[in-house]
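Asks: First the structure, then my questions, so here it is.
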Amino acid sequence: MLNPYQEITNSIVKQLESGVAPWQRPWATRTPTNLKSQKEYRGINVFLLASQGYTSPFWLTYKQALSIGGNVRKGEHGTHVCYWNINEYAKKNKDTGELENRKSVLLRVYTVFNLPQCDGITGFDTEKIANPIAECESVVSAMPNRPKIGPSDKAWYRPSTDSIGIPSINTFHTPEGYYSTLFHELTHSTGHASRAGRDGIEKLNSFGSESYSKEELIAELGAAMLCGLTGIEKSTLNNSASYIASWIQALKGDSKLIVSAASAAQKAADYIRGLSAVSAESEAS
């Protein structure tokens, strides 16, 4: 009888052989928007705000927060945005005596705060409500020596700080997509020297390199295995297979790599589940 890890691996291989759809990012993004006016920011402000790493797209000034019954939390630091104030006026030409249309352009700088930096703001349809999945939360909670997990506008694992960034569960198309992404980053974190250790994490390489590509295979296989164990694989397996296919293609189509990657992914999944110590004791006996 196949173990759950092998069943997931076989399912992915089957999809790879039959062809998969292009990978899709499982969370939604939205242009930074002023919460009160509902107008999207433009130009350089998009980059200024998006680069701050907040999970909410909504921003507002201190006065705007007060005007809608809220407040900026004490100790929070704002982000500067710029606004060109253009005024038109008429001015008499000294030579001809005729009125001419003129423009004055003044650059103004405002300080805005992201919605999670504020308290007491209600009545705005800012996010859908997503419920956590108990089985998935149990896996995350069971991980020993778990890295720090914090909000971000992207999903990533940073070995230098041993920390994970991930968008809010409310920004994902489905709760299952959130946990699949979190499992992916947790699998990356098992490569840290303080855990199982893995070359793809301990010896960082550039994006698209062979080592980087292999690490992505391991992380997504580990995520798929954990999704299978928690019963959410039906919602996530297609996207996992397409993501894995993209990295196999980067490795010049060497589909045999999935075998070695699956072995490393199983070790990572065991570590996350808190089974690595048990496995080591069994091997020793």
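Asks: Criterion first (more than 20 Å from H173 (Cβ to Cβ) and at pLDDT 70 or above) does V259 satisfy it?
Replies: Yes.
Asks: With the stretch 24-116 as the region, which strands (runs of 3 or more DSSP E) entirely inside it contain at least 1 residues that are exposed (fewer than 15 other Cβ atoms within 10 Å of the Cβ) and more than 21 Å from the chain's Cα centre (by Cα)?
Replies: By residue number, 79-92, 99-114.
Asks: Return the residue satisfying two criteria in turn: it lies in the stretch 123-141 and is at pLDDT 80 or above and assigned to a loop (DSSP other than H, G, I, E, B), and of such residues it is surrounded by the fewest Cβ atoms within 10 Å (Cβ to Cβ).
Replies: Among those that are at pLDDT 80 or above and assigned to a loop (DSSP other than H, G, I, E, B), it is P132.
Asks: Kindly list, by first and then second residue, each pair from a residue in the stretch 224-243 that is assigned by TED's automatic domain parsing to the domain that holds F183 and part of a helix (DSSP H, G or I) to a residue that is acidic (D, E) and buried (at least 21 other Cβ atoms within 10 Å of the Cβ), limited to pairs with Cβ atoms under 8 Å and residues at least 6 apart or on different chains.
Replies: That search, which allows pairs on different chains as well, returns A224/E233; C227/E176; C227/E233; S235/E176; T236/E176; S240/E220; Y243/E216; Y243/E220.
Asks: Pick out the one residue from S51, S67 that is among the small types (G, A, S) and within 22 Å of S168 (Cβ to Cβ).
Replies: Of the residues listed, the single one that is among the small types (G, A, S) and within 22 Å of S168 (Cβ to Cβ) is S51.
Asks: How many residues does the stretch 159-210 contain that are outside any helix (DSSP H, G or I) and either within 16 Å of the chain's Cα centre (by Cα) or at pLDDT 85 or above (or both)?
Replies: 22
The values are calculated or read from the model by the stated rules, or taken from the named source; none is laboratory data. Just so it is clear, the structure is predicted and the values come from calculations on it, not from any experiment. Ideal geometry is used to build each Cβ from the backbone, glycine not excepted, and the neighbour counts take in all protein chains shown.
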